[in-house]
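Participant: Dropping a structure here in structure tokens format, bear with me for questions.
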Amino acid sequence: MLKSVVRAVGAAVRISSATTTTARALPLSCPTLCSPSSATTRPFTRSLWMLSNNGASSTCRQTLFRSKVLNPSMSCGCGELHTEGDKAFGSFLSDEIKEEKKIQKNKTLPKMSGGWELEMNGTEAKLTRNVAGEKITVTFNVNNSIPPNFEEEIEQGQQKSAEDEPEIVSTPNFVVEITKQAAKHSLVFDCHFPEDEMSHGDGEEESDIFAIREVSFQPEGDSEWKETSYTLNTDSLDWALYDHLMDFLADRGVDNTFADELTELSTTIEHQEYIKFLEDLQGFVKCN
Amino acid sequence: MGVLLRNLQKVVPIRRARLRKDVDTLRHILGIQKFDLGIICVDNNKIQHLNKIYRKKNVPTDVLSFPFYEDIRPGKLPCPLHRDELNLGDIFLGVEFVMKQCQEKSLDLHGALTVVTAHGICHLLGYRHDTDDEWAEMLQKESYILREYNKLTGRHLEPLT
């Protein structure tokens, strides 16, 4: 039962520590709900860009191809292409990996309280818990789980120290699936962490820590999301019904504490996956 | 028209449906169903922060009210001209602070939240307690609200003292 939990809002790009001074930083008044104080966080050393399909990528590819043709490759006898660019890239990645490992707060994954069991499949995490004949499963994917920064224009010449930089927190969409023993269908909640554009000031316009976006019944154990099942959208829902749904989840261990711990877990997994990706990239770039 | 309920804290488990029902009962008693109202549950840190900013008191508290109408006479309902003025304002409930008081006095949390919400709504309706006279007037109103609430629900709530 894996509805896509990937938030398609943008791609995160990390930049080296050497270039952070020129990077655009998040505003200091980052929404508090997006960065719970107890969550495992780290300095915001990645800039973010919004994906755009204006043809820029294809232009970029052509340019790169031309550069390969015009610039002769170095050869080390392995029969593969190695350029000065590859060498510089490898060196850059080496520094970046060192820097990321230095700021890595958790080497091991934090435990979720409440007896949840964690199962990983690539970037997807599945938390499972059994309560009195009910099985509760929470699934999330750390890909694209870092929200875009609602940054304000930084004044020209303004310098920010590393301590001033907001920290990266992974806030993935997550799907809660509740299965009763006798029932044919599971009740499925599509949840998310609201992005608070309003809470840059003192936070009077804040949203709940997490919110339910949709609710529907789905056949138990089906990997495909059945679009023909009635889906309750919470945008125009009776608020009293919404509160009962939130209480229903809380009774099954999915409450604000859970959501806070989930961001901590997701942040740690995301960072581990990022470092692993950089290491793979380094291995791919350099001469074997 | 309704109650906008937000739970921004993780210290105290809040039964949202119960809280909404209790607030709706208070709105019914006061005849203010046509007005919007915000109820925001926060922890000690947050309410202390707000208390410091808006009241210059750097301590946590049980409730802070932010009226939409700041100069209405106590007991007189506002007369909005536009739809977007059908709003009484926001009440921040310091649920962690209230829970601690409940633990000390062995009280029911949601009963206590109803009492502090009634107090907060009175502030939104122009009641104050800066003087003894104002305090007496507000206490009288709160007593009336909770008496009616007790009649409807069979509970035994009393106003803040």
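Participant: Any chance you could get the radius of gyration and Dmax over the Cα atoms of chain B, in Å?
Facilitator: 14.9, 46
Participant: Around B:VAL12, what is the net charge, scoring Lys/Arg as +1 and Asp/Glu as -1 over all other residues with Cβ under 11 Å from its Cβ?
Facilitator: Within the 11 Å Cβ shell, the charges total 0.
Participant: I've got another one for you. Can you tell me, using C-alpha contacts under 8 Å and at least 6 residues apart, the relative contact order of chain B as a whole percent?
Facilitator: It rounds to 24 percent for chain B.
Participant: Here's something else I'd like to know. Counting pairs of Cα atoms in the range B:42-87, how many percent are more than 12 Å apart?
Facilitator: Result for the distance tail: 67 percent.
Participant: Let me know the charge dipole size of chain B about its Cα centre in debye, to the nearest 20, where only the beta-carbon of Lys, Arg (+1) and Asp, Glu (-1) is charged.
Facilitator: My answer is approximately 560 debye.
Participant: Sorted by packing (mean other beta-carbon atoms within 10 Å per residue), highest first, where do B:42-54, A:87-99 land?
Facilitator: B:42-54, A:87-99
Participant: Moving to a separate point now. State the extension gain, in nm to one decimal, for the chain segment bounded by A:HIS185 and A:ALA211, taking 0.36 nm per residue of separation less the distance between their alpha-carbons.
Facilitator: Contour length minus Cα-Cα distance gives 7.1 nm.
Participant: Using the number of other C-beta atoms within 10 angstrom as an exposure proxy, rank B:ARG55, B:ARG27 with the fewest first.
Facilitator: B:ARG55, B:ARG27
Participant: Calculate the mean, over all residues of peptide A:249-257, of how many other protein chain Cβ atoms lie within 10 angstrom of the residue's Cβ.
Facilitator: 3
Participant: Can you give the mean number of other chain Cβ atoms that lie within 10 Å of the Cβ atoms in peptide B:35-43?
Facilitator: 1
Participant: Something else about it: For the range B:3-153, please report how many Lys pairs fall under 22 Å Cα to Cα, leaving out neighbours fewer than 8 apart on the same chain.
Facilitator: Final tally of qualifying lysine pairs is 16.
Participant: Moving to a separate point now. Show me the trypsin sites (Lys or Arg not before Pro) within the range B:86-143 that DSSP assigns to loop and that have at most 13 other Cβ atoms within 10 Å of their Cβ.
Facilitator: Counting only loop positions with at most 13 other Cβ atoms within 10 Å, the trypsin sites (Lys or Arg not before Pro) in the range B:86-143 are B:ARG128.
Participant: Just tell me how shielded B:6-17 is by partners: mean number of partner chain Cβ atoms within 10 Å of each residue's Cβ, no decimals.
Facilitator: 6
Participant: Quick one: order A:VAL254, B:VAL116, A:VAL131 by neighbouring beta-carbon count within 10 Å, fewest to most.
Facilitator: A:VAL131, B:VAL116, A:VAL254
Each value in this text was obtained by applying a stated rule to the coordinates, not by laboratory testing. Predicted, not measured: the structure shown is a model, and the values here were computed from it. Neighbour counts are summed over all protein chains in view; Cβ atoms, including those assigned to glycine, are modelled from backbone coordinates with ideal geometry.
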